[in-house]
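J.: Pasting a structure below so you can have a look.
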Amino acid sequence: AQLVESGGGLVQAGGSLRLSCAASERTISGSAMGWFRQAPGKEREFVAAINWNGGSTVYKDSLKGRFTISRDNAKNTVYLQMNSLQSEDTAVYYCAADPRGGYDYSGGYKYWGQGTQVTVSS
């Protein structure tokens with residue numbers, strides 16, 4: 001696999017998790033990266049994205065202030081820090097690389113990870 005997510009799990013409401021997405025250098029080099037999530041019975045939705053050098057980030061409006069995306073190109077890894085988690089954040093979280101369209105358009109990303117489950121208990 002070219003993208004491998006980790007860091008998901010079960011957390012109580014109000015808690016925090018940090019997701020990681022490890023990528024091959026070939027996949028991540030010079031590429032914008034995004035995080036998406038999909039809850040049961042719902043469509044996949046955009047969470048956050050970051051440009052190739054970390055100088056620009058964009059978030060789903062409702063997640064601003066709670067979620068932070070970052071990257072460490074030396075480690076070929078992208079992170080998603082999630083704070084003040086709520087039950088509605090329960091979903092499978094996916095990282096994606098190399099968008100061809102807007103950062104929030106899932107259909108434009110060339111590479112995807114297998115996803116990591118985040119479950120928030122209330």
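J.: Might you check whether a residue that is β-branched (Val, Ile, Thr), surrounded by 14 or more Cβ atoms within 10 Å (Cβ to Cβ) and over 16 Å from Gly8 (Cβ atoms) occurs anywhere in the stretch 51-62?
T.: Looking through the stretch 51-62, at least one residue is β-branched (Val, Ile, Thr), surrounded by 14 or more Cβ atoms within 10 Å (Cβ to Cβ) and over 16 Å from Gly8 (Cβ atoms).
J.: Looking for something out of contact with any helix residue (DSSP H, G or I) (no Cβ under 6 Å at 6 or more places or on another chain) and modelled with pLDDT under 95 - is there at least one such residue anywhere in the stretch 86-101? I'd like the intermediate steps shown before the answer.
T.: Filtering the stretch 86-101 for residues out of contact with any helix residue (DSSP H, G or I) (no Cβ under 6 Å at 6 or more places or on another chain) gives 86-96, 98.
Now restrict to residues that are modelled with pLDDT under 95: 98.
The answer is yes; a qualifying residue exists.
J.: Any chance you could count how many residues in the stretch 55-71 are among the charged types (D, E, K, R) and under 15 Å from Gln86 (Cα atoms)?
T.: 2
J.: Residues in the stretch 35-46: is at least one in a loop (DSSP other than H, G, I, E, B), surrounded by fewer than 18 Cβ atoms within 10 Å (Cβ to Cβ) and in contact with a Lys or Arg (Cβ under 9 Å, 6 or more places away or on another chain)?
T.: Scanning the stretch 35-46 turns up at least one residue that is in a loop (DSSP other than H, G, I, E, B), surrounded by fewer than 18 Cβ atoms within 10 Å (Cβ to Cβ) and in contact with a Lys or Arg (Cβ under 9 Å, 6 or more places away or on another chain).
J.: Out of all the residues in the stretch 76-105, which are out of contact with any strand residue (DSSP E or B) (no Cβ under 8 Å at 6 or more places or on another chain) and either closer than 23 Å to Gln2 by Cα or open to solvent by less than 10 Å² (accessible area, probe 1.4 Å) (or both)?
T.: Across the stretch 76-105, the qualifying residues are Gly101, Gly102.
The values are calculated or read from the model by the stated rules, or taken from the named source; none is laboratory data. Bear in mind that the values here come from a model prediction, so they are computed numbers and not experimental data. Neighbour counts run over all protein chains shown; Cβ positions are idealised from the backbone, glycine included. Protein only, heavy atoms only, side chains kept; ligands, DNA and RNA dropped before computing areas. Shrake-Rupley method; radii C 1.70, N 1.55, O 1.52, S 1.80 Å.
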